[in-house]
Amino acid sequence: MSLWSRIANVLCGDRLSREIDEELQSHIQEAIEQGRDPVEVRKALGPLLRLREESRDVRLIIWLDSLRADAIFGWRQLMKNKVASAAAILSLALGIGACTGAFRLIDALLLRPLPVSQPQELYALARQGIDPEGRFETFDGWAYPDFQRMRAAAKGQAELIAISYSERTDVTYGSDQDMEKAYVQYVSGWMFSSFGLRPALGRLLTESDDHKPNAYPYAVLSYDYWRHRFGQDPKVIGRTFRMGNDLYEIVGVGPQRFTGTEAGTMIDIFVPTMMHPGVIRRDWTWMRTLARVSPGVPLEPLRARLDATSRAFEQERAKGFPGMSQQVIDAMLNQRLLLEPAAAGASGLQDDYRTSLAALGVLVALVLLIACANVTNLMTGQAASRAREMALRVSIGAGRRRLVQLVLVESAWLACLAAAFGGLFAWWSAPVVVGMINPPDNPARLFLPADWRVMAFGLALTVIVMLLFGLAPALRASAVQPVSALKGGQDPHARRRLMHALTAVQTAFCFMVLFVAGLFVATFQRLSNRPTGFSADRVLTLETVARRPQPQVYWDQVTQRLREFPGVESAALASTTLMGGWSWNNSISVNGAPPNGVLSYFMSVSPGWIETMKIPLIDGRDFRPRDTYPGAALVNQTFAKEYFKDEDPVGRSFDMVFDEGGSLHFEVVGLVGDVCYRDVREPILPQAYYPIHSLNTRNALEVKGQDQGTFIVRTSSSNPLALASVLRREVPRAWPEFRVSNIRTQLEIDQSHTVRERLLARLAFFFGVVALLLAGVGLYGVLDYSVLQRRREVAIRMALGAQAGDVARRVTADVFSMLLAGAMAGLALGFASARYVESLLYQVKPTDPTMLALPALTILAAALLAALPPVIRAVRIDPALMLRTD
């Protein structure tokens with residue numbers, strides 16, 4: 001009989017039994033028709049039941065049939081205990097779904113290889129050392145001239161590829177009215193061929209497109225951008241678009257799965273690196289460098305060669321910057337080049353969220369372990385009520401392996417159903433979390449396929465979960481002693497010890513989850529409530545561009561037009577926004593002294609800017625319309641403290657010293673309050689503001705025009721976005737050469753700096769609540785089982801005069817001692833884990849008594865609530881009724 005026929009017989013057991021019975025009856029009937037006595041025929045054949053079983057064993061796969069029978073019995077057991085089964089499935093589904101969702105995020109951002117040939121050969125070049133501000137950091141930005149030298153040095157051993165940081169840039173396919181945003185990346189012309197990629201349409205960039213600055217304005221669209229922007233129109237080849245002042249021609253469409261090397265950002269347009277304005281700048285680090293190392297080339301000698309080449313470049317560069325302080329030079333030269341594996345690409349999102357995703361993975365794993373402990377306790381309690389059933393099975397010949405299989409199959413039902421619901425939760429939750437990673441105006445874009453990697457992880461996790469919560473009850477059930485169990489002599493204390501130990505484990509994990517969640521929530525609260533020094537309420541920022549530099553008078557006219565617009569309280573013009581991601585710094589010299597090595601940060605602003613931003617003017621005056629750059633300056637309190645030793649800075653002067661030599665002279669006309677300049681996490685920096693009107697270097701009497709600026713508008717309405725669309729139209733109406741490129745509220749900009757902390761706080765709080773709920777349900781189950789097993793003992797004690805308090809104390813003493821032990825273990829685990837997430841914290845100390853007391857009190861409150869029903873049930877036991885029943 002074939003294998004498939006035997007498998008089919010397993011699935012159609014009733015039909016097989018009927019066929020066997022019919023065959024046996026036909027043999028008996030045939031013998032009777034031949035004249036034999038019916039009784040003798042049946043005696044000759046032997047017991048029909050034995051014959052049927054032997055015949056079934058020949059016609060099917062025995063182990064598969066036993067598995068089928070156990071699966072049917074296990075399903076009936078689940079249906080018999082619907083409430084308990086549903087609770088177990090729900091708790092496991094939440095844990096499995098959270099773990100699978102976390103894996104999808106970690107895989108998409110950190111693990112999934114790029115869709116290129118031999119991604120394991122890719123390495124990212126970075127530098128590690130102390131920056132000019134004294135912070136230890138790893139930086140992956142490079143100047144293009146430095147890249148060219150390193151590429152020549154690595155020739156024959158590795159191919160270096162320049163890839164810029166992605167830019168969300170304005171592009172125009174038609175008139176200026178049709179301006180739109182696209183993610184653009186400048187890449188080496190040989191990137192596509194080095195990656196082994198083929199075009200979906202047209203051609204890709206080549207090395208010949210990337211050897212002369214600003215000579216080859218060609219562009220390649222990503223397949224995803226071609227699909228959703230152009231509807232896969234093949235006529236896109238040859239079309240042009242304008243980006244800045246350059247007109248680009250589309251020459252091809254990239255392969256379907258390739259969206260760039262920057263995980264978290266799907267690039268729309270690739271252009272040659274030689275089209276970037278910084279290709280000849282030695283002081284502009286605007287690109288990453290990837291190295292495709294040839295097979296068999298040792299990494300350390302290659303790294304040392306690249307390190308020496310880059311160090312020589314920095315030494316030569318430092319000689320060309322006589323104004324650079326020695327501290328900055330030392331920071332440049334004392335860096336070590338690193339070769340970091342980049343099979344999954346390289347991006348800032350990976351650096352920002354590597355530790356966060358690891359912390360999230362640990363939290364969800366702890367929640368899953370709590371759920372597993374919960375279900376283990378549930379199945380242990382059910383095993384106690386099925387002790388007689390197991391004893392009977394052993395008595396009629398069931399082996400230990402068969403009993404283990406029976407319980408594990410029931411566990412498999414729970415795990416598989418939980419995995420199915422957990423898969424749905426993971427499918428929904430992962431994109432939701434991705435949507436929370438970045439601000440709404442610049443969302444993270446991650447490829448989250450449900451492919452074999454995710455399926456394999458889910459399957460492995462399901463098997464592990466099944467073994468975690470099912471193996472111990474299965475082994476305990478298989479070790480039953482028939483005589484003892486049938487007499488009711490099983491030791492209930494053994495099961496209670498296991499359940500109490502699991503309660504301690506649940507408590508430890510729950511305490512750790514709550515402790516870490518408290519750290520994340522406190523970090524988010526303190527960052528969100530940190531004073532920024534200005535008022536972001538009701539402030540709208542309008543980032544405005546022009547194709548060509550426009551005279552300053554037109555910028556002033558539009559500013560005045562906005563001030564007079566209905567619903568606008570005040571308006572001003574600035575080079576950028578506070579905390580907007582852009583910064584400019586330089587060294588400062590006072591009274592001709594050399595720079596002290598402390599960098600100061602600058603911003604150009606119009607008169608009325610400090611009033612619009614609600615920044616206090618402490619001394620002196622604001623800018624006047626006739627103030628120009630260089631000339632007048634406003635400085636903050638930190639600047640005055642750093643350079644004027646807390647003396648009144650108004651009326652004093654300083655020089656802005658450039659690295660390449662030369663300086664600009666400024667006179668302080670006003671002292672303003674400290675504000676957060678770049679990031680809410682960093683300390684207040686020395687800051688100076690200079691007038692938006694900049695003098696032409698060729699004609700000191702002429703004010704230069706500018707091609708971009710940001711209008712800062714404070715509205716009278718509590719919802720500034722209500723005026724966004726109107727003001728977007730008003731700016732080009734006031735001067736047709738202007739286009740509003742982007743509109744954001746200052747509040748959005750501020751909140752963008754706490755996106756990661758907000759995400760961690762929300763997820764940690766959610767999983768903390770889930771962990772607490774699961775631990776509470778588990779504690780309730782253990783106490784309820786304990787009361788059930790000790791009913792007779794409680795009845796005897798109450799008959800002898802025990803009071804309700806004494807009964808409650810005896811019922812809960814063991815469990816609460818395990819609760820205390822678990823909390824102490826959780827505290828130790830929390831302290832151990834705190835140092836791994838220290839980089840994610842802000843002004844929060846794990847040893848803070850509040851951080852320790854909060855999870856302890858929360859667990860205590862949950863434990864008291866969970867213990868209340870079982871304790872009430874225990875003290876309400878009627879001794880006379882219980883003892884008479886027994």
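The values are calculated or read from the model by the stated rules, or taken from the named source; none is laboratory data. Keep in mind that what you see is a predicted model, and the values were worked out from it rather than measured. Ideal geometry is used to build each Cβ from the backbone, glycine not excepted, and the neighbour counts take in all protein chains shown. Heavy atoms of the whole protein, side chains included, go into the accessibility calculation; ligands, DNA and RNA do not. Shrake-Rupley method; radii C 1.70, N 1.55, O 1.52, S 1.80 Å.
Observations, loosely collected:
- On inspection, Arg681 passes the criterion of being under 30 Å from Glu314 (Cβ atoms), among the basic types (Lys, Arg), in the same structural domain as Gln560 (by TED's automatic domain parsing) and surrounded by fewer than 19 Cβ atoms within 10 Å (Cβ to Cβ).
- Matching residues, the range 426-435, being open to solvent by 50 Å² or more (accessible area, probe 1.4 Å) and not β-branched (Val, Ile, Thr): Trp427, Trp428, Pro431, Gly435
- Criterion (within 29 Å of Asp107 (Cα to Cα) and in contact with a strand residue (DSSP E or B) (Cβ under 6 Å, 6 or more places away or on another chain)) met by exactly one of Val184, Val251: Val184
- Neighbours by Cβ (under 6 Å, 6+ apart or cross-chain): first from the range 655-684, within 25 Å of Asp622 (Cβ to Cβ); second among the basic types (Lys, Arg) and open to solvent by 10 Å² or more (accessible area, probe 1.4 Å): Val668/Arg652; Val669/Arg621; Gly670/Arg621
- Qualifying residue in the range 613-624 (condition: part of a strand (DSSP E or B), open to solvent by 10 Å² or more (accessible area, probe 1.4 Å) and more than 15 Å from Gly673 (Cβ to Cβ)): no
- Of all the criteria given as (1) touching a Leu at 6+ places or on another chain (Cβ under 7 Å); (2) among the β-branched types (Val, Ile, Thr); (3) open to solvent by 20 Å² or more (accessible area, probe 1.4 Å), the one not satisfied by Ile130 is (1).
- Among (1) closer than 25 Å to Leu357 by Cα; (2) open to solvent by 40 Å² or more (accessible area, probe 1.4 Å); (3) part of a helix (DSSP H, G or I); (4) of a type in the set (S, T, N, Q), the one test that Ser833 misses: (2)
- Residues being of a type in the set (S, T, N, Q) and either touching a strand residue (DSSP E or B) at 6+ places or on another chain (Cβ under 6 Å) or modelled with pLDDT of 80 or more (or both) are represented in the range 455-464 by at least one member.
- Odd one out for Phe738, checked against (1) open to solvent by 10 Å² or more (accessible area, probe 1.4 Å); (2) touching a strand residue (DSSP E or B) at 6+ places or on another chain (Cβ under 9 Å): (1)
- Matching residues in the range 797-823 - criterion: being open to solvent by 50 Å² or more (accessible area, probe 1.4 Å), more than 18 Å from Gly778 (Cβ to Cβ) and not small (Gly, Ala, Ser): Arg797, Leu800, Gln803, Arg809, Arg810
- The one condition from (1) touching a Ser or Thr at 6+ places or on another chain (Cβ under 8 Å); (2) assigned to a helix (DSSP H, G or I); (3) crowded, with 20+ Cβ neighbours inside 10 Å that Leu573 does not meet is (2).
- Residues that are crowded, with 20+ Cβ neighbours inside 10 Å and not in a strand (DSSP E or B) are absent from the range 237-252.
- The condition (being in the same structural domain as Met613 (by TED's automatic domain parsing), on the phi > 0 side of the Ramachandran plot and in contact with a helix residue (DSSP H, G or I) (Cβ under 8 Å, 6 or more places away or on another chain)) is satisfied by just one residue among Asp674, Asp646: Asp646.
- If you go through the range 839-859 and keep only what is open to solvent by 80 Å² or more (accessible area, probe 1.4 Å) and closer than 17 Å to Leu827 by Cβ, you end up with Lys845, Thr847, Pro849, Thr850, Leu854, Leu857.
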